[in-house]
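I have placed the structure first, in the form of structure tokens, so that the comments after it can refer back to it.
The values are calculated or read from the model by the stated rules, or taken from the named source; none is laboratory data. From a predicted model like this one, the values you see are computed outputs, not experimental measurements. Glycine gets a Cβ as well: all are built from the backbone with ideal geometry, and neighbour counts include every protein chain shown. These area figures cover heavy atoms from the full protein model, side chains too; ligands, DNA and RNA do not enter into them. Shrake-Rupley method; radii C 1.70, N 1.55, O 1.52, S 1.80 Å.
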Amino acid sequence: MSPSIAEDNADRLAVAEFRRSLAVGDEELIPAAIVDRLLSGENRVRVWREHRGLSAAALAEQAELSQAYLSQIETGKRDGTIETYRKVAAVLKVSLDDLLG
């Protein structure tokens, strides 16, 4: 098999695997507007929270944080602990890398 045929087959398999992962919810498509906001340096917690359709109060409650603490994290007035970011990431269904860049 020539290298280009092997590469084409590998690409087909990768696409098929991504589609399978997307179908079962292991992957998701992120709208360009969200990516643009993240790349522009907006607060990642706020961007993901808004993308998930959660209010600050709802996220704080589900992550077992005070709303004031979450607000300070979102405005950059305070850094959260790793444990705080783990809780927030779990609620937002993202990785720590997604929140901490």
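For every residue, the table says whether it meets (1) open to solvent by 70 Å² or more (accessible area, probe 1.4 Å); (2) on the phi < 0 side of the Ramachandran plot; (3) touching a helix residue (DSSP H, G or I) at 6+ places or on another chain (Cβ under 8 Å).
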site: Arg49; (1), (2), (3): no, yes, yes
site: Ala60; (1), (2), (3): no, yes, yes
site: Ser71; (1), (2), (3): no, yes, yes
site: Arg78; (1), (2), (3): yes, yes, yes
site: Ile82; (1), (2), (3): yes, yes, yes
site: Tyr85; (1), (2), (3): no, yes, yes
site: Leu96; (1), (2), (3): no, yes, yes
site: Gly101; (1), (2), (3): yes, no, yes
(Q) Here is a check on your reading of the model: is Leu92 open to solvent by 30 Å² or more (accessible area, probe 1.4 Å), closer than 21 Å to Glu27 by Cβ and either within 13 Å of the chain's Cα centre (by Cα) or basic (Lys, Arg) (or both)? (A) no
**Q.** Which numbered condition Ala16 fails, given (1) among the small types (Gly, Ala, Ser); (2) farther than 17 Å from Ser95 by Cβ; (3) within 16 Å of the chain's Cα centre (by Cα)
**A.** (3)
**Q.** Hits in segment 2-23 - residues which are closer than 25 Å to Val47 by Cβ and among the aliphatic types (A, V, I, L, M)
**A.** Leu22
(Q) So, in segment 20-35, how many residues would count as being more than 13 Å from the chain's Cα centre (by Cα) and surrounded by 11 or more Cβ atoms within 10 Å (Cβ to Cβ)? (A) 3
Q) Regarding Glu17, is this residue exposed (fewer than 11 other Cβ atoms within 10 Å of the Cβ) and either more than 22 Å from Tyr85 (Cβ to Cβ) or without any contact (Cβ under 8 Å) to a residue 40 or more places away in the chain (or both)? A) no
**Q.** Residues satisfying the stated conditions in segment 7-38, i.e. of a type outside the set (Ser, Thr, Tyr), at pLDDT below 80 and in a helix (DSSP H, G or I)
**A.** Phe18, Leu22
Q | Cβ-Cβ under 6 Å pairs, at least 6 apart or on other chains, segment 63-89 side under 13 Å from Arg49 (Cα atoms), far side surrounded by fewer than 18 Cβ atoms within 10 Å (Cβ to Cβ) and of a type in the set (S, T, N, Q) | A | Glu74/Asn43
**Q.** Matching residues, segment 78-101, being assigned to a helix (DSSP H, G or I) and among the basic types (Lys, Arg)
**A.** Arg86, Lys87
Q. Across segment 44-77, what is the total count of residues that are at pLDDT 95 or above and outside any helix (DSSP H, G or I)?
A. 9
